[in-house]
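Bear in mind that the values in this text are calculations on the coordinates, not laboratory data. Computed from a predicted structure; not experimentally measured. Glycine gets a Cβ as well: all are built from the backbone with ideal geometry, and neighbour counts include every protein chain shown.
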Amino acid sequence: MRHRCDEASDLDILVDRACEAFGRLDAIVNNAGIGPISRFDALRVEDWDAMIDVNLRGTLYRIAAALPVFARQGQGHVINVLSTAGLKIVPTMGVYAATNNALRTATEALRQEAGPNLRVTEVSPGFIDTTFTDSSITDETVRTTINKQKEQLAISPDAIARAIAFAIEQPGDVEIGSIVVRPTAQD
């Protein structure tokens, strides 16, 4: 079964509603992602497709919905939440890391294309205390291993919220391009 993360028309409606409610759109934070990680030889191709749909395609759709509004306003801020999994490649995370690195590349290209009035930031969390592993890892052995690491290392999601707020709160002529937020004990 293929997952479609956010049809483009749904995202246009969401952006329109935000503009109607608040009169403008200051930032879009793209934080949707799944990680049904497994070894390549497990051949979980449907999981790969789902990660590509949600982690990459869904984020690109959200960017596409926001850019016309930012262009009309003459300013805006795109924040893409990625993962440190794309910075340190480890077994079982090949496709997940690939989706993050594809988005990292797209984020940098957008930053270069953006001009002086659109800020673009990537935030890469490490182990964060969320239900992400329970809700998206389909391989039981991998889930158990990751959850043990999470129990030892994970930090509060508030750390990510503070990093995002820090990037948004900067003056309009200041762009925070990349933020890595991880537990100090995470290698």
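Quick one: Kirkwood hydrodynamic radius for the stretch 8-181, alpha-carbon pairs, angstrom, one decimal? The partial results should precede the final answer.
On the way: mean 1/r = 0.0590 Å⁻¹.
Hydrodynamic radius (Kirkwood, Cα pairs) of the stretch 8-181 is 17.0 Å.
Which distance in nm do the two modelled labels at D158 and A109 give, with both placed 7 Å along the Cα-to-Cβ direction?
So the label points at D158 and A109 sit 3.9 nm apart.
Using a 10 Å cut-off around each Cβ, can you sort Y96, Y61 from fewest to most neighbouring Cβ atoms? Intermediate results must be reported in sequence, preceding the final value.
Values: Y96 25, Y61 22.
Least crowded to most crowded, the residues run Y61, Y96.
Which residue, V142, G86, T59, has the largest displacement toward the positive end of the dipole of the chain when charges sit on each Cβ (Lys, Arg +1; Asp, Glu -1)?
G86
So what is the 222 nm mean residue ellipticity for the chain from helices alone, if each DSSP H run of at least 4 adds -39500 (n - 2.57) and you divide by all residues, rounding to the nearest 500 deg cm²/dmol? If you can, show how the numbers build up before the last one.
On the way: 7 runs with 88 residues, N = 187.
Estimated from H runs of four or more residues: -15000 deg cm²/dmol.
Express in % the proportion of alpha carbon pairs of the stretch 105-187 at distances exceeding 14 Å. Walk me through the numbers on the way to the answer.
On the way: 2328 of 3403 pairs.
Summing the P(r) tail past 14 Å for the stretch 105-187 gives 68 percent.
Hey, what angle do you get for helix 8-22 against the long axis of the chain, alpha-carbon based, 0 to 90 degrees rounded to 10?
Between the helix axis and the principal axis of the chain, the angle is about 50 degrees.
Would you mind checking the tilt of helix 158-169 against the longest principal axis of the Cα atoms of the chain, expressed as 0 to 90 degrees and rounded to 10?
For 158-169 against the chain, the angle is about 20 degrees.
Mind putting a number on the dipole of the stretch 45-187 about its Cα centre? Charges go on the C-beta only, +1 for Lys and Arg and -1 for Asp and Glu, and I need it in Debye to the nearest 20. Each step should come with its number before you reach the end.
Details: 12 positive and 17 negative charges, 62 e Å.
For the stretch 45-187, the charge dipole is close to 300 debye.
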